[in-house]
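Comments concern the structure below.
Derivation of every value follows stated rules applied to the coordinates shown; laboratory data play no part. Fair warning: this is a prediction, and the values are worked out from it, not measured in the lab. All Cβ positions, glycine included, derive from the backbone under ideal geometry; neighbour counts span all protein chains shown.
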């Protein structure tokens, strides 16, 4: 169970993004699967992820 307050994070995020679209950086696609509350909060607050960036797919030193 993930007890973090994603709703508060989304309210803050919406306050700072002009067009309700973001690029999301996560460790891996499995991170998103494990954090269903996070995906639900994005959806509930109508924040569209226009690009997913997964760190496991990129060389961080580039």
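Averaging the sequence gap over all C-alpha pairs within less than 8 Å and six or more residues apart, then dividing by the number of residues, gives region 6-57 a relative contact order of 51 percent. Would you mind checking the tilt of helix 6-16 against the longest principal axis of the Cα atoms of the chain, expressed as 0 to 90 degrees and rounded to 10? For helix 6-16, the angle is close to 90 degrees. The stretch between residue 21 and residue 35, if pulled fully straight at 0.36 nm per residue, gains 3.1 nm over its current Cα-Cα span. Once divided by 2.2 N^0.38 Å, the Cα radius of gyration of region 6-57 becomes 1.11.
Taking 30 Å as R0, compute the FRET efficiency from the Cβ-Cβ separation of residue 7 and residue 51 and round it to 0.05. Calculated transfer efficiency: 0.85.
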